[in-house]
Amino acid sequence: MNPISADTLLEALHWRYATKKFDPDRTIDDPTWKTLEQALVLSPSSFGLQPWRFLVITRPELKARLVAASWGQTQPAECSHFVVFTVRQGLDAQDVDRFLQRTAEVRGQPVESLAGYRKVVVGSLDRARSAGALDVWQTHQVYIALGQFMASAALLGIDTCPMEGIEPAQYDTLLNLQDTGYATVVACAAGYRAASDKYAALPKVRFEPGDVIRRL
């Protein structure tokens, strides 16, 4: 792997901002979007379980309907691709077995050799379930994927806007998620900033490193 330079990374992160207005006439090309989809697929998660499903919405009529479920924010309708991050609820042993079967397939090993790992993972899920924290734990994993998606997009020159200002239950209805085992957590618009978005030119406001970082 040839790492990018520190300057390239910081330039992309300074360039990125929560885009308020997208150019509805600009669309992310297929090769770039497929790269961003791979960035989602490659997101890390606890135990590697990947407790999520990413819904990529490009149909104009569906994007427009999501505006009303997003407190009237227009990013869903104006952006090129709108991603809804959903979490697998009630993760259980069957989900673990599905993951271990995939692990055995990819790594060319018998699934039986993963029995010890299975016991550890299932035990952790059971303890979290007993404590009433299972879905909260898995929801936290979704935000890891969101962060990876936004950073990857910035490096590719793609604008994004993370959106928690949405009505998850309405999203679930509009996207027919009932009885699927998945539920909306957060969304992210992706595309290209409109020339008229005044927020693009505003200086990024962050505390000084010494205020938020402690070296121990």
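The rows are residues; the columns are (1) exposed (fewer than 15 other Cβ atoms within 10 Å of the Cβ); (2) in contact with a Pro (Cβ under 9 Å, 6 or more places away or on another chain); (3) in contact (Cβ under 8 Å) with a residue 40 or more places away in the chain.
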{"site": "44", "(1), (2), (3)": "yes, no, yes"}
{"site": "53", "(1), (2), (3)": "no, no, yes"}
{"site": "58", "(1), (2), (3)": "yes, no, no"}
{"site": "75", "(1), (2), (3)": "no, no, yes"}
{"site": "80", "(1), (2), (3)": "no, yes, yes"}
Residue 121: over 21 Å from residue 171 (Cβ atoms) and buried (at least 16 other Cβ atoms within 10 Å of the Cβ), yes or no? yes
Test set (1) of a type in the set (A, V, I, L, M, F, W, C); (2) surrounded by 15 or more Cβ atoms within 10 Å (Cβ to Cβ); (3) under 16 Å from residue 157 (Cα atoms) - residue 9 fails condition number: (2)
Exception for residue 177 within (1) buried (at least 19 other Cβ atoms within 10 Å of the Cβ); (2) part of a helix (DSSP H, G or I) falls at (2)
Please enumerate the residues belonging to the range 1-16 that are out of contact with any Ser or Thr (no Cβ under 9 Å at 6 or more places or on another chain) and in contact (Cβ under 8 Å) with a residue 60 or more places away in the chain. 4, 8, 9, 12, 13, 14, 15
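Does any residue of the range 126-134 turn out to be touching a residue at least 40 places away in the same chain (Cβ under 8 Å), surrounded by 20 or more Cβ atoms within 10 Å (Cβ to Cβ), out of contact with any helix residue (DSSP H, G or I) (no Cβ under 7 Å at 6 or more places or on another chain) and not acidic (Asp, Glu)? Steps first, please.
Taking the range 126-134 and keeping what is touching a residue at least 40 places away in the same chain (Cβ under 8 Å), we get 134.
When the remaining residues are screened for being surrounded by 20 or more Cβ atoms within 10 Å (Cβ to Cβ), the result is 134.
Keeping just the survivors that are out of contact with any helix residue (DSSP H, G or I) (no Cβ under 7 Å at 6 or more places or on another chain) gives none.
There is no residue in the range 126-134 that is touching a residue at least 40 places away in the same chain (Cβ under 8 Å), surrounded by 20 or more Cβ atoms within 10 Å (Cβ to Cβ), out of contact with any helix residue (DSSP H, G or I) (no Cβ under 7 Å at 6 or more places or on another chain) and not acidic (Asp, Glu).
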Odd one out for residue 184, checked against (1) closer than 20 Å to residue 8 by Cα; (2) touching a helix residue (DSSP H, G or I) at 6+ places or on another chain (Cβ under 6 Å): (1)
Check every one of the helices (runs of 4 or more DSSP H) wholly within the range 18-110 and list those with 1 or more residues that are within 22 Å of residue 139 (Cβ to Cβ) and among the aromatic types (Phe, Trp, Tyr). 93-107
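Please indicate, with yes or no, whether at least one residue in the range 201-209 is more than 13 Å from the chain's Cα centre (by Cα), loosely packed, with under 11 Cβ neighbours inside 10 Å, under 30 Å from residue 34 (Cβ atoms) and not charged (D, E, K, R).
Going residue by residue through the range 201-209, those that are more than 13 Å from the chain's Cα centre (by Cα) are 201-209.
Retained after the next criterion (residues that are loosely packed, with under 11 Cβ neighbours inside 10 Å): 201-209.
From the residues that got through so far, the ones that are under 30 Å from residue 34 (Cβ atoms) too are 204.
When the remaining residues are screened for being not charged (D, E, K, R), the result is none.
There is no residue in the range 201-209 that is more than 13 Å from the chain's Cα centre (by Cα), loosely packed, with under 11 Cβ neighbours inside 10 Å, under 30 Å from residue 34 (Cβ atoms) and not charged (D, E, K, R).
Out of 65, 88, which single residue is more than 16 Å from residue 20 (Cβ to Cβ), within 19 Å of the chain's Cα centre (by Cα), surrounded by 16 or more Cβ atoms within 10 Å (Cβ to Cβ) and of a type outside the set (A, V, I, L, M, F, W, C)? It would help to see each step written out before you state the result.
Details: 65 fails: within 19 Å of the chain's Cα centre (by Cα).
On inspection, the qualifying residue turns out to be 88.
Only the coordinates and a few stated rules stand behind these numbers; no lab work does. None of the values given here were measured: they were computed from a predicted structure. Glycine gets a Cβ as well: all are built from the backbone with ideal geometry, and neighbour counts include every protein chain shown.
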